[in-house]
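Read through the structure below, which is laid out as structure tokens, and then see the notes.
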Amino acid sequence: MKDDFTESKISCKTEVETSSAHRSQLADIAEKIIKSCDDTECYIHIDYDPIPSNATAVEIINRLKEILFPGYFNREKLDPVNLKYSMGQSVSVLFDMLSLQISNSIRHDCLRYNLECSDCGERGQKAALELLAKIPFIRKTLGTDVSATFEGDPAAKSYDEIIFSYPGIFAVMVYRVANLLYKMDIPLFPRVLTEHAHSVTGIDIHPGANIGESFVIDHGTGVVIGETTKIGNNVRIYQGVTLGALSVPPGGGEKLKGKKRHPTIEDDVTIYSGATILGGDTVIGARSVIGGNVWITESIPPDTTVIIENPKLIYR
Amino acid sequence: MKDDFTESKISCKTEVETSSAHRSQLADIAEKIIKSCDDTECYIHIDYDPIPSNATAVEIINRLKEILFPGYFNREKLDPVNLKYSMGQSVSVLFDMLSLQISNSIRHDCLRYNLECSDCGERGQKAALELLAKIPFIRKTLGTDVSATFEGDPAAKSYDEIIFSYPGIFAVMVYRVANLLYKMDIPLFPRVLTEHAHSVTGIDIHPGANIGESFVIDHGTGVVIGETTKIGNNVRIYQGVTLGALSVPPGGGEKLKGKKRHPTIEDDVTIYSGATILGGDTVIGARSVIGGNVWITESIPPDTTVIIENPKLIYR
Amino acid sequence: MKDDFTESKISCKTEVETSSAHRSQLADIAEKIIKSCDDTECYIHIDYDPIPSNATAVEIINRLKEILFPGYFNREKLDPVNLKYSMGQSVSVLFDMLSLQISNSIRHDCLRYNLECSDCGERGQKAALELLAKIPFIRKTLGTDVSATFEGDPAAKSYDEIIFSYPGIFAVMVYRVANLLYKMDIPLFPRVLTEHAHSVTGIDIHPGANIGESFVIDHGTGVVIGETTKIGNNVRIYQGVTLGALSVPPGGGEKLKGKKRHPTIEDDVTIYSGATILGGDTVIGARSVIGGNVWITESIPPDTTVIIENPKLIYR
């Protein structure tokens with residue numbers, strides 16, 4: 001599309017002076033905006049420290065990557081000598097960031113809902129230490145996830161390619177950390193972590209879900225794994241799979257809080273793209289294979305392959 | 001996977017000098033690249049100011065968040081005293097950013113398509129004021145979205161968690177602002193805003209869509225809401241729902257511009273994950289429930305529950 | 001939700017001193033974390049330079065945008081005069097960035113897997129030149145993608161809107177570049193590029209896929225196009241479409257590497273949202289239309305429209 005010149009192009013300007021009329025209009029509007037903060041319909045958060053920003057979550061996740069996959073995501077090359085220092089440094093920085101963010105999250109809810117003081121400063125440090133102490137364990141579990149991903153994916157050229165670039169590994173890494181914080185009853189922060197991973201990968205894993213070893217999510221966009229889902233070992237799921245809750249009765253949200261609402265997936269199950277499995281009593285038996293786009297709300301026995309009966313296709 | 005040393009590791013270098021041969025080759029290539037800008041098949045944008053970058057959109061959206069959810073996304077804690085100043089400051093910064101970006105968008109199309117001058121500088125400021133004047137109203141509407149989200153989601157621990165971390169609220173907030181700009185006939189910029197939200201959340205709401213109060217999108221990845229969609233109050237949709245157009249006849253894009261091509265969803269409707277509803281004449285009657293993965297191209301009467309007949313599953 | 005004050009708000013602090021007990025605990029934990037790097041189950045990457053970070057990929061993609069769509073994404077306005085210099089500058093910066101990242105990727109695998117030295121420094125520059133020499137060609141092909149997008153989309157207001165804001169164009173642009181690098185046998189880096197686009201758009205195109213001119217992806221979230229997919233000219237696909245492989249036999253990943261595992265889509269085919277087409281021998285004949293949510297594992301003759309037989313809906 002060749003570009004033709006037009007004189008007008010030189011003529012006009014966008015950066016015009018703001019007239020005093022506009023300025024005073026703006027002042028009135030600002031007033032109204034401030035006043036309207038008092039409206040009871042509007043959500044405000046005055047006099048509380050803001051909780052972990054997405055930016056903080058990103059920083060913490062980047063540090064976690066450096067510690068969980070040594071040498072993969074460091075800015076500078078690691079050798080056996082500087083590893084010790086670099087890693088030690090990352091760990092102590094991470095400790096400070098984690099303690100503070102965890103404390104802030106606890107404190108936020110404590111003040112916001114007038115709970116009894118739970119000594120959030122101290123609790124934050126304890127929780128951070130507890131999490132860091134589990135790093136070697138998380139690292140091993142992630143190792144099983146990487147191996148399982150490689151074995152099942154003909155397109156994977158190397159383990160490194162998976163660690164460097166596969167969104168499934170990133171989402172599962174963030175989940176495994178968030179899940180530990182969730183189990184320590186840390187409010188807000190675990191969800192902020194998993195929602196960041198959701199934003200980056202399109203994979204939405206609730207921190208409360210319970211997921212075993214050698215877990216693989218391939219491609220992953222659109223995957224949803226609900227809060228009370230239980231997943232065994234060696235489970236493999238593809239893009240667009242929902243492990244969700246049955247429909248919520250109008251206004252029934254409250255009643256269901258805490259109840260098991262999402263399915264149980266036993267060991268060695270494979271679930272193909274777009275399959276939807278719903279309900280807290282739904283159990284997919286070990287070694288079963290769930291075909292693509294299948295919609296399941298009842299339990300499936302072990303060693304079963306379930307596929308949709310090819311819908312009659314109409315050719316014209 | 002223990003790491004084994006190899007001598008080779010020390011040997012080679014990647015940062016080699018660029019030979020003069022390569023340098024002159026590069027010069028020729030650059031020449032060709034520049035020349036090829038004249039090819040009529042290629043889209044160029046010379047002599048026009050670039051329009052709002054994604055970076056600008058992000059800045060504007062961040063300011064909007066501070067004003068629409070006071071205290072939630074501010075860097076520093078707000079108290080009843082500094083609220084007034086901080087908010088006033090955000091409003092005037094936002095005014096300047098909005099005016100300029102809106103003017104640039106108008107001016108861009110004016111020059112690009114040789115339209116009559118519509119006094120874009122002035123119009124930008126008027127539009128920015130008009131938008132800001134509606135902030136209290138947008139805030140109330142978003143309040144209804146937050147409440148509705150909380151009531152329907154057993155996994156939601158608090159209203160704050162929803163505002164801090166739910167992608168659905170973010171996407172709907174950006175849409176509600178973009179929609180007002182769209183209704184003022186601002187070109188380009190509204191879509192830049194919603195595409196940023198689409199990128200962050202996987203939720204693709206066209207700024208032209210018409211959406212009522214207490215609107216909930218849960219999880220949301222893969223949701224598509226087309227330009228001429230009409231959605232009533234208290235509507236709830238889940239991930240992967242498409243409210244789209246029927247197939248476009250080859251090259252028929254032009255003819256259909258402006259026509260209603262997307263469905264109408266009446267009040268109190270729930271649409272479960274993966275459902276697809278197509279066509280401008282398709283109306284989903286009030287209080288109806290559309291089950292997951294349903295594919296609908298015709299109207300559904302009010303108070304109807306539509307679910308797919310469980311496809312016969314084949315067990316092996 | 002009006003906000004009520006509580007004394008407690010002033011009381012507590014989150015930033016508490018770290019007790020020496022905690023400090024020494026932290027030291028022990030750091031020790032264990034470092035030691036555990038020797039575990040054979042854990043993936044480490046010591047003594048190798050880290051490969052292209054996502055940040056580098058973003059920089060390179062931004063430069064590519066400036067060169068492939070002249071004037072659209074430049075920070076400052078281009079005129080026919082400065083075009084020459086600005087473009088020349090971008091090309092040489094891009095050359096340096098590309099050469100280094102390509103060399104690093106080659107070198108990484110060379111050291112990591114003890115391959116024979118393939119003169120990565122030199123190869124990186126050659127590959128970068130080869131890629132840049134193809135820019136005019138890529139630009140023309142992208143031009144056909146933009147035109148086809150406009151013609152088929154009634155919501156598109158202008159070509160510029162598509163280039164500025166459509167995720168499909170962005171994902172296809174990144175793919176077209178990554179594909180050229182993939183064909184030059186560059187490891188790792190092509191996938192890093194496409195995974196960035198996947199993260200931004202929800203569109204997952206493997207760099208190995210083979211895609212013709214005038215290719216359109218509308219909305220796009222959830223689209224997956226596998227490594228050995230072949231797509232002709234004038235093909236149009238919508239969100240949630242999977243062009244994938246049939247199920248991988250347990251541990252069968254290795255055997256299938258390199259084999260054609262993904263479908264072939266001939267010219268002028270349209271595939272609507274949520275359709276899934278699987279298998280290396282599956283061919284969708286020219287000018288066929290595949291309806292939404294269709295699940296296909298066998299070839300479809302040319303000029304065929306395939307739609308799901310409307311599943312019986314149950315009304316209650």
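The values are calculated or read from the model by the stated rules, or taken from the named source; none is laboratory data. Being a predicted model, the structure only gives us computed values, none of them experimental. Here the Cβ positions follow ideal geometry from the backbone for every residue, glycine too, while neighbour counts run over all protein chains shown.
Return yes or no: is B:Ser105 part of a helix (DSSP H, G or I), under 30 Å from C:Arg75 (Cα atoms) and modelled with pLDDT under 95? Judged against the criteria, B:Ser105 is a match. Screening A:Glu227, A:Glu213 for residues that are modelled with pLDDT of 95 or more, in a loop (DSSP other than H, G, I, E, B), closer than 18 Å to B:Gly220 by Cα and not aromatic (Phe, Trp, Tyr) leaves exactly one candidate, A:Glu227. Quick check on A:Asp145: is it in contact with a Gly (Cβ under 9 Å, 6 or more places away or on another chain), closer than 28 Å to C:Glu31 by Cβ and either of a type in the set (Asp, Glu) or outside any helix (DSSP H, G or I) (or both)? It is true that A:Asp145 is in contact with a Gly (Cβ under 9 Å, 6 or more places away or on another chain), closer than 28 Å to C:Glu31 by Cβ and either of a type in the set (Asp, Glu) or outside any helix (DSSP H, G or I) (or both). Regarding the range A:179-198, can at least one residue be identified that is farther than 23 Å from B:Ala171 by Cβ, outside the structural domain of A:Glu266 (by TED's automatic domain parsing) and without any contact (Cβ under 8 Å) to a residue 24 or more places away in the chain? The answer is yes; a qualifying residue exists. Only one of the numbered conditions (1) of a type outside the set (Lys, Arg); (2) within 7 Å of chain A (Cβ to nearest Cβ); (3) buried (at least 18 other Cβ atoms within 10 Å of the Cβ) is violated by B:Asp79, and that is (3).
Is it the case, given these coordinates, that C:Glu17 is more than 8 Å from chain B (Cβ to nearest Cβ), over 29 Å from A:Phe69 (Cβ atoms) and part of a loop (DSSP other than H, G, I, E, B)? Considered against the rule, which asks whether it is more than 8 Å from chain B (Cβ to nearest Cβ), over 29 Å from A:Phe69 (Cβ atoms) and part of a loop (DSSP other than H, G, I, E, B), C:Glu17 comes out as yes. Residues in the range C:30-74 that are of a type in the set (A, V, I, L, M) and assigned to a loop (DSSP other than H, G, I, E, B): C:Ile44, C:Ile46, C:Ile51.
B:Tyr238: hydroxyl-bearing (Ser, Thr, Tyr) and farther than 27 Å from C:Gly202 by Cβ, yes or no? Considered against the rule, which asks whether it is hydroxyl-bearing (Ser, Thr, Tyr) and farther than 27 Å from C:Gly202 by Cβ, B:Tyr238 comes out as no. Run down A:Thr282, A:Thr276, A:Thr297 and say which single residue is surrounded by fewer than 22 Cβ atoms within 10 Å (Cβ to Cβ), hydroxyl-bearing (Ser, Thr, Tyr) and either within 20 Å of C:Ser273 (Cα to Cα) or without any contact (Cβ under 8 Å) to a residue 24 or more places away in the chain (or both). Answer to the check: A:Thr282. Candidates are the residues of the range B:103-123 that are farther than 13 Å from B:Asp49 by Cα and more than 7 Å from chain A (Cβ to nearest Cβ); the one that is nearest to the chain's Cα centre (by Cα) is B:Arg123.
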